[in-house]
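Visitor: Before I ask anything, let me first share the structure, which is written out below as structure tokens.
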Amino acid sequence: MSGNVTTQQNIKHELLQRIEALEFKQRLFPVDSGLDALVQSLEDINPTDKPLSQDYHNLLLGSWDLIYASRGTVVTRSFASIPNFIEREIKINRIWQTLVISENDNISTTNSIEIVLPLLGTWQIEAEGYWTTSDAKIAQVSFSTFSTRAINPFGISWNPELKIPVLEFLRNEALWITSYLDDDLRIGRGATRNLFVFCKQ
């Protein structure tokens with residue numbers, strides 16, 4: 001057991017060092033396949049066998065910064081269709097996910113991104129939804145509300161938030177696998193096996 005813990009800490013340390021050496025955009029549009037191998041090595045020695053069970057809610061719940069995505073995210077992949085001269089001017093400040101227990105005992109999620117747009121200032125976009133767990137590692141994720149809020153459009157302080165509900169018949173579910181969890185690092189996989197690495201705030 002002690003050997004596994006040492007191996008886990010060594011792999012985790014190397015992974016975090018290599019991620020920290022990258023600029024933020026490079027973490028979301030990576031070209032280093034060696035990072036995926038390190039992530040998979042951590043998954044192989046996951047210390048938490050049932051990460052979505054109530055026994056581990058103390059580890060799972062809270063606010064998590066996305067620090068690496070093997071193939072980007074839904075939002076960042078959309079930048080690929082934007083002309084390069086505009087895309088270069090878009091700055092992603094932060095991407096994070098907040099997990100809490102809702103009134104019906106489901107895991108509620110809020111996925112957030114803060115971006116700086118040319119001429120438009122800083123904006124925060126959020127998707128709110130919930131996880132329906134099918135076992136102790138796998139959940140179906142469905143989003144019910146999207147919202148956007150300008151933090152300082154045109155350099156002006158502005159707080160109103162625009163919320164757009166998603167009609168129930170338009171909601172799609174997506175598979176989410178929590179493949180690694182410890183006290184400050186979490187790894188998840190989407191339906192297409194994309195890897196996402198989160199660090200707890």
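Visitor: For the range 99-124, which positions are of a type in the set (V, I, T) and surrounded by fewer than 16 Cβ atoms within 10 Å (Cβ to Cβ)?
Guide: First pass over the range 99-124, keeping only residues of a type in the set (V, I, T): 100-101, 107, 109-110, 113, 115-116, 122.
Correct list: V100, I101, V116.
Visitor: Do we find that I92 is buried (at least 16 other Cβ atoms within 10 Å of the Cβ), at pLDDT below 95 and over 20 Å from T192 (Cα atoms) in this structure?
Guide: Answer is yes for this residue.
Visitor: Can you go through T48, T7, T76, T122 and tell me which one is modelled with pLDDT under 95 and touching an Asp or Glu at 6+ places or on another chain (Cβ under 9 Å)?
Guide: So the residue among T48, T7, T76, T122 that is modelled with pLDDT under 95 and touching an Asp or Glu at 6+ places or on another chain (Cβ under 9 Å) is T122.
Visitor: Filter the range 35-49 for residues that are charged (D, E, K, R) and either closer than 18 Å to F196 by Cβ or surrounded by 14 or more Cβ atoms within 10 Å (Cβ to Cβ) (or both) and give the result.
Guide: Of everything in the range 35-49, those that are charged (D, E, K, R) and either closer than 18 Å to F196 by Cβ or surrounded by 14 or more Cβ atoms within 10 Å (Cβ to Cβ) (or both) turn out to be D36, E43, D44.
Visitor: Additional query: I'm trying to understand the selection: among the residues of the range 128-149, which are more than 19 Å from N104 (Cα to Cα) and at pLDDT 90 or above?
Guide: Within the range 128-149, just K137 meets the criteria.
Visitor: Could I ask something else about it? Just to be sure before I move on: is R193 at pLDDT below 85 and out of contact with any strand residue (DSSP E or B) (no Cβ under 7 Å at 6 or more places or on another chain) in the structure I sent?
Guide: Criteria met by R193.
The values are calculated or read from the model by the stated rules, or taken from the named source; none is laboratory data. Keep in mind that this is a model prediction, so the values were computed, not measured. Reconstructed Cβ throughout: ideal geometry from the backbone, glycine too, with neighbour counts over all protein chains shown.
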